[in-house]
């Protein structure tokens, strides 16, 4: 037997796709919708959860549920690991940045190739397009390699962080592992996406000429809000350049 919350989700979905409910429009309160459909608020919330998982409805804490409009995509430029300059400079895109010193544990020891308990600096960047989160970045550096100003909110480094750029000097090598996967519970909460959604995950490791990891970044983008561009340069063999 079909659950009542699926019927409610179908009805609201039809209103959204037909244009009766417009992008950005606030839905009735959960109590109001529950009364309208003559169901409990628990059943109503299950219906909204279906639509939130489909990306049709967004719940903004303290404000209510809104019809989600089409998202403007941002561009992640691989190789140097940044957002493109035009996107980063766009006034509509704002980024919150928080840096703190932590001790390396578990996966961070392997990521940075440092002993357990080593001091590292964790910088969390969360970008927004309007009210909607567009990306989450967690950037890690060994404490002794962190440039002066990163922990002091220096404007030059804040600008780099808003583009997810590498904080230190240009690395000797950069490896980026890219995959599409479901969000972790933390990512789903922070990015306000359903557990059935897909995120573009980028793990970026920068090393110096000795092979030491100088920075590691874990980036997560909702799949419908980002394009990633990677450019490969073909290096000619010296013999091919002669003659």
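Nothing in this text is a laboratory measurement; each read-out follows from the coordinates by a stated rule. These numbers were taken from a predicted model, which means no experiment stands behind them. All Cβ positions, glycine included, derive from the backbone under ideal geometry; neighbour counts span all protein chains shown.
For residue 177, project a label point 7 Å along Cα to C-beta. Then give me every residue of the stretch 106-120 with its amide nitrogen under 20 Å of that point. From the stretch 106-120, the list is 106-116.
Put in line by how crowded their Cβ is, counting other Cβ atoms within 10 Å and starting with the fewest, 96, 232 read 232, 96. Here the residues 45, 143, 181, ranked from fewest to most Cβ neighbours within 10 Å of their Cβ, fall in the order 181, 143, 45.
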